[in-house]
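Each remark here refers to the structure printed beneath this line.
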Amino acid sequence: MKENMTTILNKIKEYNKIIIFRHFRPDGDAVGSTKGLQRILKLTYPEKTVLLINDDYADYLSFLGGEDGPIADEEYSDALGIVCDTATAKRISNQKFSLCKEIVKIDHHIPIESYGNYEWVEEERSSCCEMIAHFYDTFSDELKIDTEAATYIYAGMVTDSGRFRFRDVSSETMRLAGVMLKNNIDTEILFANLYLKDFEEFKFESHAHKKMQITKNGVAYLFVTKRMQKKLGITKEQASASVSFMDSIKGSLVWIAFIEGDTEIRVRLRSRFVKISDLAEQYRGGGHACAAGATLYSKAEMKELIAKADALLGEYKANNEGWL
Ligand code: AMP
């Protein structure tokens, strides 16, 4: 992996213009890794133009600051494009990434598609931010960091690892988190920004607790209808966060939130122990073994997916011990 990182560093040195990208509907890891990398490169190479240009943003992460505005198409052609935290080309928020002269992919998702000229993919990493921290740490005699950059990176490490709870958190994750913490991050302010909720969100949570259901084998699920979203005055983002309401039910090793949109139903799947990414892939999706997403176009598909998840969990429980 050092080889991939050296190639990427050499490419960064070679170009005067670098444009950074991430997946649409960004989470803390997508925002943290791209803003963290941009800040490190700006500090280290003040003579270079380092831009972060995407087509969408997430309101709940706006405390981390904004991104750069659009540029003319011709301005991409002499740039090195670096895409963080994005498994497939179609999930890249700014599709003009393909106009860049060369493309680098830095990612920790299951590699289902290759789209970069240079790729560094480590699916065992708990976050893409952990990879950016590793990149910084490997070349720390050359690269510069400050509190701002470290805060972005730490934010992604915290959120993508479920506050360092998930299985892919390793001693290396914690060591690299420590490397970031040496840069005076205000963790209390960061956690408050990340995890305090509005009153309406608590009301929605109690409503969701009443509406959620469970299958025979223990798949918990919730259908957040458009009507519910409107009635409770919640945004799509807040509706999507409901998947976490079901994450601590004993025996429910798979839980799914279905969020109704205008034309499709967004699916967010989560699990303990059970691999659910294959199921997501059957419905125009993908992701990690225990955190994946998909898109559905009918309630019939939703019913079918629930039945398949139930069968998957039934099979898992029949053949494994020690789960909770
Ligand atoms: P989400 O529920 O949107 O937070 O997604 C969980 C994980 O699955 C994230 O790492 C996403 O990048 C990934 N993911 C979500 N939707 C898709 C999709 N349609 N195709 C591939 N990966 C996805």
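The values are calculated or read from the model by the stated rules, or taken from the named source; none is laboratory data. Predicted model, so just to flag it, every value in this text is computed and none were measured. Note: ideal-geometry Cβ built from the backbone for every residue, glycine included; neighbour counts use all protein chains shown.
Note on the range 283-324: residues that are of a type in the set (A, V, I, L, M, F, W, C), farther than 22 Å from Arg167 by Cα and part of a strand (DSSP E or B) total 2. Which members of the range 12-64 meet the condition of being surrounded by fewer than 22 Cβ atoms within 10 Å (Cβ to Cβ) and small (Gly, Ala, Ser)? Of everything in the range 12-64, those that are surrounded by fewer than 22 Cβ atoms within 10 Å (Cβ to Cβ) and small (Gly, Ala, Ser) turn out to be Ala58, Ser62. For beta carbons closer than 6 Å, sequence separation of 6+ or different chains, a first residue in the range 279-293 that is touching a residue at least 40 places away in the same chain (Cβ under 8 Å) and a second that is more than 6 Å from the ligand (Cβ to nearest atom) and basic (Lys, Arg), the qualifying pairs are Ala289/Lys275.
For the range 298-307, enumerate the residues that are surrounded by 15 or more Cβ atoms within 10 Å (Cβ to Cβ) and either within 13 Å of the ligand (Cβ to nearest atom) or farther than 11 Å from Val254 by Cα (or both).
Glu301, Met302, Leu305
Checked against the criterion of being crowded, with 17+ Cβ neighbours inside 10 Å and part of a loop (DSSP other than H, G, I, E, B), the candidates Ile234, Ile249 yield just one match: Ile234. Counting only residues that are at pLDDT 95 or above and either within 11 Å of the ligand (Cβ to nearest atom) or of a type in the set (Asp, Glu) (or both), the range 272-288 holds 8 of them.
Kindly evaluate Gly32 against the criterion of being within 29 Å of Thr187 (Cβ to Cβ), away from the ligand (no atom under 16 Å from the Cβ), at pLDDT 95 or above and not aliphatic (A, V, I, L, M). No, not satisfied.
For the range 149-156, does any single residue satisfy the condition of being under 23 Å from Asn16 (Cβ atoms) and more than 16 Å from the ligand (Cβ to nearest atom)? Looking through the range 149-156, at least one residue is under 23 Å from Asn16 (Cβ atoms) and more than 16 Å from the ligand (Cβ to nearest atom).
Taking each residue of the range 245-256 that is in contact (Cβ under 8 Å) with a residue 40 or more places away in the chain and closer than 10 Å to Ser271 by Cα and looking for partners that are assigned to a loop (DSSP other than H, G, I, E, B) and basic (Lys, Arg) with beta-carbon atoms closer than 9 Å, six or more apart or interchain, yields Leu253/Arg272; Val254/Arg272. Looking across the range 154-202, the residues that are of a type in the set (Val, Ile, Thr) and in a loop (DSSP other than H, G, I, E, B) come down to Val169, Ile185.
When we screen Thr225, Thr295, Thr215 for residues that are closer than 29 Å to Val121 by Cβ, touching an Asp or Glu at 6+ places or on another chain (Cβ under 6 Å) and either within 11 Å of the ligand (Cβ to nearest atom) or not small (Gly, Ala, Ser) (or both), the only hit is Thr295.
When residues of the range 81-116 are filtered for being assigned to a strand (DSSP E or B), more than 16 Å from the ligand (Cβ to nearest atom) and either surrounded by 17 or more Cβ atoms within 10 Å (Cβ to Cβ) or within 16 Å of the chain's Cα centre (by Cα) (or both), how many remain? Residues that pass the stated criteria total 4. Restricting the range 308-324 to residues that are free of Cβ contacts under 8 Å to residues at least 40 places away in the same chain and among the charged types (D, E, K, R), the residue that is nearest to the ligand (Cβ to nearest atom) is Lys308.
Restricting attention to the range 255-269, does a residue exist that is in contact with a Leu (Cβ under 9 Å, 6 or more places away or on another chain), within 13 Å of the ligand (Cβ to nearest atom) and farther than 18 Å from Lys236 by Cβ? Yes, some residue in the range 255-269 is in contact with a Leu (Cβ under 9 Å, 6 or more places away or on another chain), within 13 Å of the ligand (Cβ to nearest atom) and farther than 18 Å from Lys236 by Cβ. Taking the conditions exactly as written (more than 14 Å from Gly32 (Cα to Cα), buried (at least 16 other Cβ atoms within 10 Å of the Cβ) and outside the structural domain of Tyr60 (by TED's automatic domain parsing)), does Phe166 satisfy them or not? In short, no.
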